[in-house]
Amino acid sequence: MKELILSLVVLFAAIGSNAQVFYKVSGSNIKGDSYVMGTHHLAPVSILDSIEGFENALKSVDAVYGEIEQSEMTSPATQQKMMMVAMAPADSTISKIFTKEQFDSIDNVIKRYSGGQAALNMLEPMKPALVSQQIALLMNMQAIPGFNPMQQLDIQVQTLGAQAGKEINGFESIEFQLNILFGYPVAEQAEDLLETIRNEEEMAEFSVELYQAYMNQDIEKLHKLMLNPDLGMEPEDEKRMLTDRNENWAKQLQSILPEKSVLVCVGAGHLPGEKGLLNLLRQAGYTVTPVK
């Protein structure tokens, strides 16, 4: 799916002084000040040292909320669920849904980015969305020397919260996210994968802009790029991946905030825009201000 483009990272950029990914949420009907932070799945955890007010905010809140509770991802039960959901039906395995020419094109990209250490036939029983994820991961590992996929910002924030004795929660279940990633029709997954292969160079350049926007903490630019009609999300993807989930999280927070103060860490693409999480919280009557 097109959101996977957001995972391609090629370039590093400096933190911008006038942009923002960290916000305070205040109001009369809440226990105390809460905070919302936008993350990028591939941003270095060292960026936390550059986010003004993060350390004090973490100390002050009762709980940390993410898209999911990250510690659940490592459990054997979750790993088994992921494998089952990512496997294609017997009549829709890789060699059965792609022509030989398409198969070879995808295989060549995998071999190029893996230095010949991986091949498409190794992923034969998996859904195309899993193949797309693996290609994105390989591109990231080649683009960023020393990139470690096990050191992700979302995981780091929840780890720091747990070490500080904070309650750790997720807005969504593992099953829900797995369905978002792998639950849409295999035919659509296949077309998304082929689109990535056909437009490999353009998507790589597009991902550079996305990553730069995040590292500059410019979520408005990030939002515009994500909705780019040529390489960004389609309207149906935006609804399924962003707006529907934003509305669900905002409703949950209206029940949570009167009871406890929280630090919310979710993908930065969920924050901006008319239907972004920040605006939804403002519409609910909260005051949302950048932390300086």
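The values are calculated or read from the model by the stated rules, or taken from the named source; none is laboratory data. Model, not experiment: these values are computed from the prediction. Neighbour counts run over all protein chains shown; Cβ positions are idealised from the backbone, glycine included. Just the protein is used for accessible areas: all its heavy atoms, side chains included, with ligands, DNA and RNA removed. Shrake-Rupley method; radii C 1.70, N 1.55, O 1.52, S 1.80 Å.
Quick one: in segment 23-46, which of the residues that are under 21 Å from Lys221 (Cα atoms) and modelled with pLDDT of 95 or more is nearest to the chain's Cα centre (by Cα)?
That would be Met37.
Are any residues in segment 21-79 part of a helix (DSSP H, G or I), surrounded by fewer than 19 Cβ atoms within 10 Å (Cβ to Cβ) and of a type in the set (A, V, I, L, M), and if so, which ones?
Those that are part of a helix (DSSP H, G or I), surrounded by fewer than 19 Cβ atoms within 10 Å (Cβ to Cβ) and of a type in the set (A, V, I, L, M): Val45, Ile47, Leu48, Met73, Ala77.
Is it the case, given these coordinates, that Met215 is closer than 28 Å to Gln189 by Cβ, hydrophobic (A, V, I, L, M, F, W, C) and out of contact with any Ser or Thr (no Cβ under 9 Å at 6 or more places or on another chain)?
no
When segment 98-113 is examined, which residues are found to be of a type outside the set (Ser, Thr, Tyr) and open to solvent by less than 50 Å² (accessible area, probe 1.4 Å)?
Phe98, Phe103, Ile106, Asp107, Val109, Ile110
Condition first: in contact (Cβ under 8 Å) with a residue 24 or more places away in the chain, under 19 Å from Tyr23 (Cα atoms) and of a type in the set (A, V, I, L, M, F, W, C). Now tell me which residues in segment 213-241 satisfy that.
Scanning segment 213-241 gives Met215, Ile219, Leu222.
Given the structure, is Leu242 buried (at least 21 other Cβ atoms within 10 Å of the Cβ) and in a strand (DSSP E or B)?
no
Please specify each residue of segment 191-247 satisfying the condition of being of a type in the set (Asp, Glu) and over 22 Å from Lys111 (Cα atoms).
Here is the first cut: in segment 191-247, the ones of a type in the set (Asp, Glu) are 191-192, 195, 200-202, 205, 209, 218, 220, 230, 234, 236-238, 244, 247.
Those that are of a type in the set (Asp, Glu) and over 22 Å from Lys111 (Cα atoms): Glu209, Asp218, Glu220, Asp230, Glu234, Glu236, Asp237, Glu238, Asp244, Glu247.
Given segment 114-232, what helices (runs of 4 or more DSSP H) lie entirely inside it while holding 3 or more residues that are surrounded by fewer than 19 Cβ atoms within 10 Å (Cβ to Cβ) and modelled with pLDDT under 85? Show your work before the answer.
Numbers: elements: 128-143, 153-163, 174-182, 186-198, 200-215, 219-226.
Filter on segment 114-232 gives 128-143, 200-215.
Given the structure, is Ile5 at pLDDT below 95 and touching a Phe, Trp or Tyr at 6+ places or on another chain (Cβ under 7 Å)?
yes
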